[in-house]
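Quick notes on the structure that follows.
What follows is calculated from the coordinates using simple rules that are stated; it is not laboratory data. Since the structure is predicted, the reported quantities are computational estimates derived from the model, not experimental observations. Neighbour counts run over all protein chains shown; Cβ positions are idealised from the backbone, glycine included.
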Amino acid sequence: MAKTELNGKSLESWLWDAACSIRGAKEAAKYKDFILPLVFTKRLCDVFDDELNRIAKEVGGRAKAFKMVKADKKLVRFSIPLKPADTDEPVWSVIRILADKIGEQLTDHLRAIAKENPKLEGIIDRVDFNATTHGQRDISDDRLSALIEQISLKRLGLNDVEPDIIGRSYEYLIRKFAEGSGQSAGEFYTPKEVGTIMAKIMEPAPGMEVYDPCCGSGGLLIKCQIALDEQMDLRSRKNYAPLKIYGQEYIAMTWAMANMNMIIHDMEGVIEIGDTFKNPKFRVRNGLQTFDRVIANPMWNQDWFTEKDYDADEFGRFPKGAGFPGKSSADWGWAQHILASLNYKGRAAVVLDTGAASRGSGSANITKEKQVRQWFVDNDLIEGVIYLPENLFYNTTAPGIILFLNKKKPAARKDKIFLLNANREFEKGDPKNYITDEGIARIAETFKEWREEDKFSCIVDKEALVKNDYNISPSRYIHTSEGEEYRTLVEILADFEFLEKEISTTDRTLNKILNKLI
């Protein structure tokens, strides 16, 4: 990612320094819900000042410009109801000079901004900067004052930083928070390289409708628009319709983060809040709205959905022959929701646990998860699978796969899938491994071209898939070193953990039945 130099320090470094001003790098991630809205508000304030200054030049001063904006809010993108005593001072100065009851006043100011702009309601007014836990402030006024001062050191207006630069920097800040967030990181962040690979392979076209049913901070959707912009730049096209972006997120603070991220990137979209699995928000009449592209990274192996949840579905998402994939993992349940959300020629990319590609295959027992996977193969809905390197994701060291679905595969690719084993396509990083720009390009271009490369990629027909009991894991067919086993140790250990969960669930069910009989 290109670094944006401002006064000798990159915008990314400055943002991270501001975050660390609270309690240092080790504690910064705990305060992301306070820091992100403040950086977002600083951007809004500085852009508002730029727009005021433009109007002021035409009407003869900022005092008159304030009055005009108050009378007609359509003159600006977002109306900021902060007015300094000296109208020539920046509107952010109202926040910067706060000296007492900072948490209380800051909360009031952000709520006033949200009230003035319905689009921001629930986004920046969700945080209480004066909140306490067991009688102690979550973030003290001293810490808030230090944070506000750090954020005040640089301008984030239209003439200071381009939308794509502030957007990339905001994403950088979100990634840094993910590094320190442990298991919760997967709730809001997918590694940049993984999202870029998915977006490049999806090849979104102008005006397409793109959807993420569990969008986190919105990064995958944003990367689709970036991929489109890059393609249009290569074709020297200046005027084209942007993507129509749709997302849904279950966690309230993450939903707010996604909306802020979209606005910071100067993009428009509809991000709904709620449980997609039980209550999908995008509907047309009595069915699901469908899209040209779906891109997603649902939480892996969710075990809180029951067979009743699948049976109660009113949208035809879980057809006969597929349906309930077992209590221990909803991975193929998400794949079915995503498939149902595609239009007749739609394509999808979804990140899943590696076990979703192989669990149940080669076993004497028929598992529900393998049955669902078999249904996808038999109906020729899988375009391909990419096996990712280990230790990319912030909430696990497991590699993960990207599953690609296609409602309208070309005739030449009928009953075939493309497999790519990228387990060696990484560089060591701290704290996580990463895929280089060259690696991203190699993976994406090889997949798009269906180009077979020794120890990297291959085309597998349905006959081979049936022979291997519907195992679609690239590691089963592509061996990247001499004498390599079909499955990695990480994959095998993950399966053991999964089986233990299934055994535990079965034991509990059996005990309930036995207790009733006694």
Using only helices, what value at 222 nm comes out for the chain when you add -39,500 (n - 2.57) per DSSP H run of length 4 or more and divide by the total residues, to the nearest 500 deg cm²/dmol? -13000 deg cm²/dmol
So, counting K/R as plus one and D/E as minus one, what does the shell of residues with Cβ under 13 Å around Arg143 add up to? -2
For the range 181-483, just say rounded, prolate or oblate: build the C-alpha gyration tensor, square-root its eigenvalues into a ≥ b ≥ c, call rounded for a/c under 1.5, and beyond that prolate if a/b exceeds b/c, oblate if not. rounded
Under the definition of Cα pairs under 8 Å and six or more residues apart, what whole-number percent is the relative contact order of the chain? 11
Would you mind counting up the charge near Phe376? Only other residues with Cβ under 13 Å from its Cβ, with Lys and Arg at +1 and Asp and Glu at -1. -1
Between Ser152 and Ala312, the two model label points (7 Å from Cα along the beta-carbon direction) sit apart by a distance in nm of 5.2
Once label points are set 7 Å from the Cα along Cα→Cβ at both Gln231 and Ile251, what is their separation, rounded to one decimal in nm? 3.1
With an 8 Å Cα cut-off and a minimum separation of 6 or more residues, compute the relative contact order for the range 5-160 in percent. 29
Grab the Cα-Cα distance for Arg451 and Lys414, subtract it from 0.36 nm times how many residues apart they are, and report the gain in nm with one decimal. 11.7 nm
For a label point 7 Å from the Cα of Met68 along Cα→C-beta, name the residues of the range 155-182 whose backbone N is under 20 Å from it. 158-159
Give me the distance between the Cα centres of the range 88-120 and the range 263-281, rounded to whole Å. 26
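Out of all DSSP beta bridges in the chain, what portion is antiparallel? Express it as a percent rounded to 5.
Working: 24 of 44 bridges.
Of all bridge pairs located within the chain, approximately 55 percent are antiparallel.
First select every other residue whose beta carbon is under 12 angstrom from the beta carbon of Gly195; then total the charges, Lys and Arg +1, Asp and Glu -1.
+1
With the cut-off at 1.5 for a/c, could you classify the chain from its C-alpha gyration tensor as rounded, prolate or oblate?
Values: a/c = 1.98, a/b = 1.72, b/c = 1.15.
Prolate shape, in that a/c is at least 1.5 and a/b is the bigger ratio.
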About its Cα centre, how strong a charge dipole does the range 184-287 have in debye, to the nearest 20, once Lys and Arg get +1 and Asp and Glu get -1 at the Cβ? 300
